[in-house]
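Asker: This is the structure I want to talk about, given as C-alpha cells.
The values are calculated or read from the model by the stated rules, or taken from the named source; none is laboratory data. Because the structure is a prediction, the values reported are computed rather than measured. Here Cβ is always computed from backbone atoms with ideal geometry, including for glycine, and neighbour counts include all displayed protein chains. SASA here: full protein model, heavy atoms, side chains in, ligands and nucleic acids out. Shrake-Rupley method; radii C 1.70, N 1.55, O 1.52, S 1.80 Å.
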Amino acid sequence: MTFDELRAALPGRVQLPGDDGFEDAARPWITTVDQPVAAVAHAATADDVATVVRYASRAGIPVATQPTGHGASGNTAKAILLRTAQLDNVEVAPTERVARVGAGANWRRVLAATSEHGLTGLAGSSPVVGATGYTLGGGLSWFGRRHGWASDAVRAFEIVDAEGTQRRVTAESDPDLFWALRGGSGDFAVVTALEFDLFPAPEIYGGRMLWPANRTRAAFELFQEVTATAPEELSVWFQRFHFPDAPPMVALDAVYLGDADRGRELLARFDVIGDPILDNRMLRKPVDVGAVADEPTDPSPGFFRAEQLTGLGDAVVETLIDEPIAPLLDVQIRHLGGALSEPRVGGGARGPIAEPYMLYLFGLGLPHLVDGVRARLGAIVDALGGQISGQKPYTFLAPEENASAAFDSATLTRLREIKRAVDPHGIIRANFPVLG
C-alpha cells in the first residue's frame with residue numbers, strides 16, 4: 001500500500017517502511033516490544049487526526065494512537081500508527097480549577113502549568129508519560145488515595161470518532177461513550193484533548209529513603225505499619241532494587257499531599273531504620289513529583305509484570321522480601337486503598353479497585369538477561385498464588401495480556417457493546433482492544 005492520498009494530505013508527515021527515520025518513529029517506549037506498523041502519521045492538529053481517521057475508514061485500515069509509545073502491546077500489525085505528540089497545548093483555568101490538555105502533553109508539561117497556581121492534576125509517577133493515554137486507562141496517581149482515579153476527574157473529551165468526525169463528548173452529550181472513555185481505554189475514538197478537574201496542592205512533601213539490602217526486612221515491616229494507618233493524603237511505595245554492577249538496595253518512596261509540617265511528621269517514622277544511603281525527602285511543588293520515583297525518561301528495553309495483591313501475607317514475605325530479586329531490576333509494592341477503592345457516583349469504566357496493594361516487577365531486556373528475567377517474572381507470580389487477584393489497572397497490562405485482566409465481566413461486556421456501536425468496523429485500535 002502506497003498511502004499516496006494520505007501523504008498528499010499530510011505532506012512530510014507520513015512515514016513508510018524504508019523511509020529515513022521510520023524505525024525510530026515506529027518504536028515503542030519499551031523497546032523490546034515488537035511494534036509492526038504499515039505507516040506512521042504525525043498529526044499537528046485535530047484536523048490532521050480527522051484526516052488520518054477518514055482515510056483509514058475509507059481504506060479499512062486500523063489506526064493506533066500513541067503520542068510517546070508508552071503502554072504499547074505490539075498489537076499494531078497493518079495499522080497506521082498515529083503520533084499525536086505535537087498536540088501538546090495546556091490551558092489552565094485556575095479559578096474554575098480545570099485544565100484543557102492536548103493529546104500529546106505529558107505530565108511534566110501539565111504540572112508545570114498547574115503548579116504555578118497551587119494546583120495539580122492526578123499525575124502518575126513518571127513526568128514523561130502522556131496525560132491523555134494514562135487517563136484513558138484509568139490513571140493511578142500519587143494523589144489517587146485522596147482523589148481517586150484520574151479518569152473520574154475528566155469533564156469532557158474532544159475526539160475524532162471512527163468515521164473521522166470531530167466531536168466533544170460529555171456526560172450529557174453521550175453518556176455511554178463518556179463512561180467508556182473514563183478508564184475503559186482509547187479503543188472507542190481518538191482523543192485529541194481532554195478537560196479535567198484540578199485539585200489544591202500548594203504544598204506536597206516527600207521523597208525517597210534508600211538503604212543497603214540488609215535493611216530490607218526492617219523497611220518492609222515499617223511499610224506495613226505505616227500503610228495500615230496512613231491518611232488518604234499519604235502514598236507510600238516499598239521498592240527493592242538490584243542495578244547492574246551494584247549491590248542490592250531497598251527503598252521507601254512517599255508523597256504527602258498537604259501541609260509540609262504534617263508530611264514531615266508522618267514521614268519521620270522512616271527515621272527509625274537509620275543510616276540511609278540516600279534521603280531526599282523535602283518540600284516539593286507538584287511539577288517535581290516525578291523526581292520521587294526517579295523513573296527512566298528515555299525509552300529502554302525491558303520486561304514487566306503487574307499484579308494486584310490481596311494482602312501482605314507469608315507468601316509475599318517469602319517471595320518478595322526474603323529471596324534475592326536478581327535478575328530483576330526492581331520489585332515494587334504500591335499502597336492503594338482510600339478513594340481508589342471507593343465506588344463513585346457517576347464514575348467511569350475504571351471503577352473501584354478492592355485490593356489494597358499493587359505489585360510491579362521489572363527487568364532489563366538485554367540479550368543475556370532475557371531468559372532469566374522472563375523466568376523470574378513467571379516464578380514470582382506462580383509463588384504468590386492466592387495473594388494475587390488476577391486483575392490489574394489497564395495501564396499496567398503487559399504486552400502478552402489482554403483487556404479482560406483489567407475489567408470485571410460486567411464492565412467488559414458493556415465496553416464491548418459500546419465498541420461495537422461506535423466503531424463496528426474496528427478502525428480505532430487501542431493497545432489492548434476490549435474485543436481482543
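Asker: If you go through region 143-183, how many residues are part of a loop (DSSP other than H, G, I, E, B), within 30 Å of P231 (Cβ to Cβ) and not aromatic (F, W, Y)? Break it down into steps so the answer makes sense when it comes.
Answerer: To start, the set of residues in region 143-183 that are part of a loop (DSSP other than H, G, I, E, B) comprises 143, 148-149, 161-165, 170-174, 182-183.
Then drop every residue that is not within 30 Å of P231 (Cβ to Cβ), which leaves 143, 148-149, 182-183.
Narrowing further to those that are not aromatic (F, W, Y): 148, 182-183.
Number satisfying all stated conditions: 3.
Asker: Scanning for something under 24 Å from L412 (Cβ atoms) and in contact with a strand residue (DSSP E or B) (Cβ under 7 Å, 6 or more places away or on another chain), does region 363-377 turn up at least one residue? Before you say what the answer is, go through the steps one by one.
Answerer: Here is the first cut: in region 363-377, the ones under 24 Å from L412 (Cβ atoms) are none.
Within region 363-377, none of the residues are under 24 Å from L412 (Cβ atoms) and in contact with a strand residue (DSSP E or B) (Cβ under 7 Å, 6 or more places away or on another chain).
Asker: Among the strands (runs of 3 or more DSSP E) confined wholly to region 215-317, which include 2 or more residues that are within 15 Å of V331 (Cα to Cα)? Can you show your working first?
Answerer: Working: elements: 234-241, 249-257, 282-284, 302-309.
Output list reads 234-241, 249-257, 302-309.
Residue by residue, here is whether (1) of a type outside the set (A, V, I, L, M); (2) over 19 Å from G74 (Cβ atoms); (3) without any contact (Cβ under 8 Å) to a residue 60 or more places away in the chain; (4) crowded, with 21+ Cβ neighbours inside 10 Å holds:
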| position | (1), (2), (3), (4) |
| --- | --- |
| P367 | yes, no, yes, no |
| A403 | no, no, no, yes |
| R414 | yes, yes, no, no |
| H425 | yes, yes, no, no |
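Asker: Given the condition over 18 Å from G144 (Cβ atoms), surrounded by fewer than 18 Cβ atoms within 10 Å (Cβ to Cβ) and in contact with a Pro (Cβ under 9 Å, 6 or more places away or on another chain), answer yes or no: does some residue in region 244-257 qualify?
Answerer: yes
Asker: Show the residue pairs that are 6+ apart or on different chains and have beta-carbon atoms under 7 Å apart, the first residue being within region 304-327 and closer than 17 Å to A354 by Cβ, the second being buried (at least 16 other Cβ atoms within 10 Å of the Cβ) and among the aromatic types (F, W, Y).
Answerer: That search, which allows pairs on different chains as well, returns A306/Y360; A306/F396; L309/Y357; L312/Y357.
Asker: Only one residue in A9, A59, A64, A72 is of a type outside the set (D, E) and touching a strand residue (DSSP E or B) at 6+ places or on another chain (Cβ under 6 Å), so which one is that? Full working, then the answer.
Answerer: Numbers: A9 fails: touching a strand residue (DSSP E or B) at 6+ places or on another chain (Cβ under 6 Å); A59 fails: touching a strand residue (DSSP E or B) at 6+ places or on another chain (Cβ under 6 Å); A72 fails: touching a strand residue (DSSP E or B) at 6+ places or on another chain (Cβ under 6 Å).
Being of a type outside the set (D, E) and touching a strand residue (DSSP E or B) at 6+ places or on another chain (Cβ under 6 Å) holds for just one of A9, A59, A64, A72, which is A64.
Residue-wise test of (1) farther than 24 Å from D294 by Cβ; (2) touching a strand residue (DSSP E or B) at 6+ places or on another chain (Cβ under 8 Å); (3) aliphatic (A, V, I, L, M).
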site	(1), (2), (3)
F196	yes, yes, no
M209	no, yes, yes
F223	no, yes, no
S235	no, yes, no
R240	no, yes, no
A251	no, yes, yes
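Asker: Next up: Looking at (1) open to solvent by less than 50 Å² (accessible area, probe 1.4 Å); (2) in contact with a strand residue (DSSP E or B) (Cβ under 8 Å, 6 or more places away or on another chain), which one does V33 not meet, given that it meets all the others?
Answerer: Condition not satisfied by V33: (2).
Asker: Just one of E203, E225 is open to solvent by 10 Å² or more (accessible area, probe 1.4 Å), modelled with pLDDT of 95 or more and among the acidic types (D, E); which is it?
Answerer: Values: E203 fails: modelled with pLDDT of 95 or more.
Step by step, each of E203, E225 is checked, and only E225 is open to solvent by 10 Å² or more (accessible area, probe 1.4 Å), modelled with pLDDT of 95 or more and among the acidic types (D, E).
Asker: Give the residues of region 318-338 that are part of a helix (DSSP H, G or I) and open to solvent by less than 40 Å² (accessible area, probe 1.4 Å), sorted by residue number.
Answerer: Taking region 318-338 and keeping what is part of a helix (DSSP H, G or I), we get 318-321, 338.
Residues satisfying the conditions are T319, L320, I321, G338.
Asker: Further question on the same structure: Scan G363, G346 and give me the residue that is open to solvent by less than 20 Å² (accessible area, probe 1.4 Å), among the small types (G, A, S) and either within 22 Å of the chain's Cα centre (by Cα) or closer than 29 Å to L136 by Cβ (or both).
Answerer: Numbers: G346 fails: open to solvent by less than 20 Å² (accessible area, probe 1.4 Å).
Answer to the check: G363.
Asker: Any idea which of (1) open to solvent by less than 30 Å² (accessible area, probe 1.4 Å); (2) over 22 Å from R215 (Cβ atoms) is the one L266 doesn't satisfy?
Answerer: In the conditions (1) open to solvent by less than 30 Å² (accessible area, probe 1.4 Å); (2) over 22 Å from R215 (Cβ atoms), L266 misses (2) alone.
Asker: List the residue pairs whose Cβ atoms are under 6 Å apart, where the first residue sits in region 150-167 and is farther than 18 Å from G130 by Cβ and open to solvent by 10 Å² or more (accessible area, probe 1.4 Å), the second is in a helix (DSSP H, G or I) and of a type in the set (S, T, N, Q), and the two are 6 or more positions apart or on different chains.
Answerer: Listed by first residue and then by second, the contacts come to E163/S57.
Asker: Another question, then. From the residues in region 368-406 that are under 23 Å from the mean Cα position of the chain (by Cα) and of a type in the set (V, I, T), which one is nearest to P352 (Cα to Cα)?
Answerer: Restricting to residues being under 23 Å from the mean Cα position of the chain (by Cα) and of a type in the set (V, I, T), the top hit is T395.
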